[in-house]
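Peer 1: Here it is: the structure, laid out below.
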Amino acid sequence: MVKDDGLAAGKGVVVTSDRAEALAHAEQCLAKSGGRVVIEEYLEGPEVSLFCVTDGVDVVPLLPAQDFKRVGDGDLGPNTGGMGAYTPLAWTPHGMVDEVVERVALPVVREMALRGAPFSGLLYVGLAVTRRGIRVIEFNARFGDPETQAVLALLESGLGALLYASATGHLGELPPLIWNHGAAVTVVVAAGGYPASPRSGDVITGLEAAGAVEGVQVFHAGTTHAVEEADAIVATGGRVLAITARGASLAEARDRAYEAVALIELDGSHCRSDIALAAVRGEVTVPG
Ligand code: GLY
């Protein structure tokens, strides 16, 4: 992976197995005035989001989740903020969460403290699970969207107590988190034209019926209450709704989420139809 270390209008990255192509791109990057190039290992393998709550000393991981960043089925089309997610991940290597905590989250938290910038809050670790083990892709200092809707749907113990313990430095005394033993799936309903030019102002119907499907919660992200339109709920663009369903199994959660999605009417809207599908089919695998 050869990257221009600077702004390149979306053309800065070349992912290739062809040495000549990699060298040519690197030369192009270096030829620019002040040009610099970044060479990164190509990461092949499924992605995982692991949210770690920390108080600056201890780290409590939440359930790992997977999100779907491309707009279209089969991971096609432009990147988005996230079109869906599911948890837990039956396909991850045994002990992966403990390994991420030990090898990634705790060292980061300790290093931040050593540098005089102690961090408490939510450390979002974005990983690829490759044939050579886990690799960090990114960190964020926030919950991820839409993984959070799925992850928190399964959290039975109090989120408030967890966040309070993080904020006050008492995570080490917090009893273990209690998780629902089932699964959760989130499907995002996006506005027409999203992500390039999302439209807004369309009325959404079916929200009550969708919310009444067993195990379903409808999260509003891009909506508003239009008093002038007979009190309707209208879309304000972007990722409008995150339909989240719990189920005893991943397949049941998925079926419920899509049953609820089918009840929503929003002109021009679209969603992916393959959220969690490969996982339900047992087709998500770590290379090698
Ligand atoms: N789901 C990706 C993110 O929140 O950054």
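No lab work stands behind these numbers, since they all come straight from the coordinates. Every value quoted in this text rests on a predicted model; they were computed, and no experiment measured them. Here Cβ is always computed from backbone atoms with ideal geometry, including for glycine, and neighbour counts include all displayed protein chains.
Peer 1: Hey, got a sec? Which trypsin sites (Lys or Arg not before Pro) in segment 201-288 land in a DSSP loop and have at most 11 other Cβ atoms within 10 Å?
Peer 2: ARG281
Peer 1: Additional query: What are the ³J(HN,Hα) values, in whole Hz, obtained from phi via the Karplus relation 6.51 cos²θ - 1.76 cosθ + 1.60 with θ = phi - 60°, for each residue of segment 50-65 in sequence order, with x given for Gly and Pro?
Peer 2: Taking θ as phi minus 60°, the curve returns 10, 8, 10, 8, 9, 10, x, 10, 9, 10, 10, x, 8, 6, x, 9 Hz for segment 50-65.
Peer 1: Using a Gaussian network for the chain with springs between C-alpha atoms less than 10 Å apart, which of these wobbles most: LEU63, LEU23, LEU152?
Peer 2: Among LEU63, LEU23, LEU152, the largest mean-square fluctuation in the Gaussian network model of the chain belongs to LEU23.
Peer 1: What net charge do the residues around VAL129 carry, taking every other residue with its C-beta under 15 Å from that of VAL129, with Lys and Arg at +1 and Asp and Glu at -1?
Peer 2: -4
Peer 1: Could you work out the helix-only [θ] at 222 nm for the chain, with each DSSP H run of four or more residues adding -39,500 (n - 2.57) and the total divided by the number of residues, to the nearest 500 deg cm²/dmol?
Peer 2: -6500 deg cm²/dmol
Peer 1: Could you go through segment 141-148 in sequence order and give the Karplus-derived ³J(HN,Hα) for each residue, using 6.51 cos²θ - 1.76 cosθ + 1.60 with θ = phi - 60°, rounded to whole Hz, and x for Gly and Pro?
Peer 2: With coefficients 6.51, -1.76 and 1.60, one gets 9, 5, 5, x, 10, x, 4, 4 Hz.
Peer 1: Return the distance in nm (one decimal) between the two label points of a simple spin-label model at LEU76 and SER197, each offset 7 Å from Cα along Cα→Cβ.
Peer 2: 2.3 nm
Peer 1: Gain in length, GLU173 to ARG19, computed as 0.36 nm per residue apart minus the alpha-carbon separation, to one decimal in nm?
Peer 2: Stretched out fully, the GLU173 to ARG19 stretch lengthens by 50.2 nm.
Peer 1: List the GluC sites (Glu not before Pro) within segment 24-128 that DSSP assigns to loop and that have no more than 12 neighbouring Cβ atoms inside 10 Å.
Peer 2: GLU40, GLU41
Peer 1: Next question. Would you mind counting up the charge near THR205? Only other residues with Cβ under 11 Å from its Cβ, with Lys and Arg at +1 and Asp and Glu at -1.
Peer 2: -4
Peer 1: Continuing with the same structure: Relative contact order (percent) for the chain, with alpha-carbon contacts under 8 angstrom and 6 or more residues of separation?
Peer 2: Across the chain, relative contact order equals 19 percent.
Peer 1: Sticking with this structure for a sec: Can you run phi through the Karplus equation (6.51, -1.76, 1.60; θ = phi - 60°) for segment 248-258 and list ³J(HN,Hα) in whole Hz, with x for Gly and Pro?
Peer 2: These are the phi-based 3J(HN,Hα) values: 5, 10, 5, 4, 5, 4, 5, 4, 5, 4, 6 Hz.
Peer 1: Checking the cross-link filter: which lysines have an alpha carbon closer than 17 Å to that of LYS11, excluding same-chain neighbours under 8 positions apart?
Peer 2: Answer for LYS11, where 17 Å is the Cα cut-off: LYS3, LYS32, listed by chain and number.
Peer 1: Could you please state, rounded to a whole Å, how far the C-alpha centre of segment 48-62 is from the C-alpha centre of segment 182-239?
Peer 2: About 30 Å separates the Cα centre of segment 48-62 from the one of segment 182-239.
Peer 1: R0 = 45 Å: FRET efficiency of ALA90 with LYS32, Cβ-based, nearest 0.05?
Peer 2: 0.45
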